[in-house]
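One structure is given below, encoded as structure tokens.
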Amino acid sequence: MRGRIAYGLMKGSETHKLKSMAVPIINRRHYCSSSSSSATANDSSNLPRSSRMGRLLTGAAVGLVGGAYASTLDEATFSGWLFSATKIANPLFALLDPEVAHRLAISAAARGLVPKEKRPDQEILGLEVWGRRFSNPIGLSAGFDKNAEAVEGLLGLGFGFVEVGSVTPLPQEGNPKPRMFRLRDQGAIINRCGFNGDGIAAVAKRLEAQHEAKHGGKTSSGILGVNIGKNKTSEDAAADYVQGVHSLSQFADYLVINVSSPNTPGLRQLQGRNQLKDLVQKVKAARDEMQWGKEGPPPLLVKIAPDLSKQDLEDIAAVALDLNLDGLIISNTTISRPEAVQINPVSKESGGLSGRPLFSLSNDMLKDMYILTKGKIPLVGCGGVSSGEDAYKKIRAGATLVQLYSAFAYGGPALIPQIKAELAHCLERDGFNSIYEAVGADCR
């Protein structure tokens, strides 16, 4: 396995404090499930009292499935049974406050209280992007594991890749609660969290601990993306992103500049042509001034909003091509309220809307960007994916990789193998032999 070593070059007073965290790291991290759980357990134990019911439900479910282990014939069979069993427990999470349920899910994944996929992905789903091998193109988007507490557990669910963050230089509480709202009938979520998180130092410490822990036990592979953002009160956005690069890029298989959250004032202004060009140049320079091994630095992507004009998209495409950006994620949540959700009183809450109602908007934008970039830049389709057919449509619209979040929050672990199986069926049904053949099929 090829290795990539990075040594962070830290600058400024704040980044100097984090210098000790920039340690040699192997690019394709293989996390240790037995050890990384203990490394994150303490960080994820501060659950609200209202999650007591969730703990009991999770414990009961784990006891139920554990007792059935003796009757299984092999690991693959048992793995499939475990994923199916989560369909029983997952609806119970809907009884909890959305943020409490989210916190409980992260805690469970960090402690290894979620199924682990033992069945290999179908060969047709495998692909290579940026010189990295993905066993399948289905990933978990940023926003779920903001603080890198449950990377091993989430990768173990069978995702082809997991993206943590957004991570800001300093810890911040985010916006006042309540700030997450379910629209169950529409399969949607509104959030206005505002980059709540533990900050770079805590996240770097966890990722470093996970890397070190892998040497002591059984490991599993997976692709890790790190999504970086800016603090709400920061007066120098570029400096925040540069600090994120210097502190976290050595742990990442790819990096994402998030300039599209609607919940941080002024953030989306960074998507303007001149602002984005200046930001990307500074971030690339920060990454490239670090010392890398033969495999080179992690690819750099930008995540954009779905609420952009045609001119905005043309400007972003021009910047991406001019600066040789490695990819774009399309898209973040929307501040619009499609007609399908307007009948729900919750739709009046401010914040970004994700889930099924976002699918058409983000997919149309994905097609436009694929055409504008002439298929030269890998695109990650994100927004409203809840089935294998949805993922397939993203790929046909120009996505090389696909991410989901809201559907996972509603459907739980059982959704992952289901989506992968459906996607493989769609590819075979339409005569494609690989993901590559299907990318951009609707734009040709």
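The values are calculated or read from the model by the stated rules, or taken from the named source; none is laboratory data. This is a predicted model, so every value here is computed, not measured. Cβ coordinates were reconstructed from backbone atoms using ideal geometry, including for glycine residues, and neighbour counts include every protein chain displayed. Areas reflect the complete protein model, heavy atoms only, side chains present, ligands, DNA and RNA absent. Shrake-Rupley method; radii C 1.70, N 1.55, O 1.52, S 1.80 Å.
Calculate, for Arg273 and Leu170, the FRET efficiency according to 1/(1 + (r/R0)^6) with r their C-beta to C-beta distance and R0 25 Å; round to the nearest 0.05. Let's see the in-between values first.
Numbers: r = 29 Å, r/R0 = 1.15.
Efficiency, from the Cβ-Cβ distance: 0.30.
Roughly how many nanometres apart are two label points built 7 Å out from the Cα toward the Cβ at Glu437 and Arg184?
According to this spin-label approximation, the distance is 4.3 nm.
Please report the relative contact order for the stretch 307-444, taking Cα pairs under 8 Å with a sequence separation of at least 6, and give it as a percent rounded to a whole number.
Details: 215 pairs, mean separation 31.7, N = 138.
Answer for the stretch 307-444 is 23 percent.
Counting residues in the stretch 353-425 as N, plug N into 2.2 N^0.38 Å and put the Cα Rg over that result.
Working: Rg = 12.0 Å, N = 73, 2.2 N^0.38 = 11.2 Å.
Relative to the rule-of-thumb radius for its length, the stretch 353-425 sits at 1.07.
Within the stretch 312-382, what whole-number % of the accessible surface is contributed by carbon and sulfur, with the 1.4 Å probe and all protein chains included in the calculation?
Exposed carbon and sulfur together represent 50 percent of the surface.
Kindly flag which residue pairs out of Lys303/Lys393; Lys277/Lys393; Lys146/Lys294; Lys177/Lys277; Lys177/Lys230; Lys116/Lys367 have an alpha-carbon separation exceeding 24 Å in this structure. Walk me through the intermediate numbers first.
On the way: Lys303/Lys393 20 Å; Lys277/Lys393 30 Å; Lys146/Lys294 30 Å; Lys177/Lys277 35 Å; Lys177/Lys230 20 Å; Lys116/Lys367 34 Å.
Checking Cα-Cα distances, Lys277/Lys393; Lys146/Lys294; Lys177/Lys277; Lys116/Lys367 exceed 24 Å.
At what distance in nm do the modelled label points of Leu95 and Arg132 sit from each other, each positioned 7 Å from its Cα along Cα→Cβ?
3.9
Please compute the Kirkwood hydrodynamic radius of the stretch 314-366 from all pairs of different C-alpha atoms, in Å with one decimal. Working shown, then result.
On the way: mean 1/r = 0.0776 Å⁻¹.
Taking every pair of different Cα atoms in the stretch 314-366, averaging 1/r and inverting gives 12.9 Å.
If you project the alpha carbons of the stretch 186-322 onto the principal axes, what extent comes out on each, in Å, largest first?
Between the extreme Cα coordinates on each principal axis of the stretch 186-322 lie 51, 40, 30 Å.
If the viscosity is 0.692 mPa s and the temperature 37 °C, what translational diffusion coefficient in µm²/s does Stokes-Einstein give for the stretch 310-444 when Rh comes from Kirkwood over Cα pairs?
On the way: Rh = 15.6 Å.
Value of D from the Cα-based Kirkwood radius: 211 µm²/s.
Can you give me the solvent accessible area of Ser386 with a 1.4 Å probe, rounded to the nearest 10 Å²?
Approximately 40 Å² for this residue.
Run down the aspartates and glutamates and flag those whose C-alpha is under 13 Å from the C-alpha of Lys232, throwing out any fewer than 8 positions away in its chain.
Output for Lys232: Glu173, Asp240.
Could you provide, to the nearest whole Å², the per residue accessible area of the stretch 246-402 with probe 1.4 Å? Intermediate results must be reported in sequence, preceding the final value.
Values: 5560 Å² over 157 residues.
Accessible area per residue: 35 Å².
Can you pull the three principal axis extents for the Cα set of the stretch 151-230, in Å, largest first?
Taking the Cα atoms of the stretch 151-230, the three principal extents are 42, 33, 16 Å.
Can you give me the distance in nm between label points at Thr77 and Asn324, each placed 7 Å from the Cα along the Cα-to-Cβ direction?
If labels sit at Thr77 and Asn324, their model points lie 5.3 nm apart.
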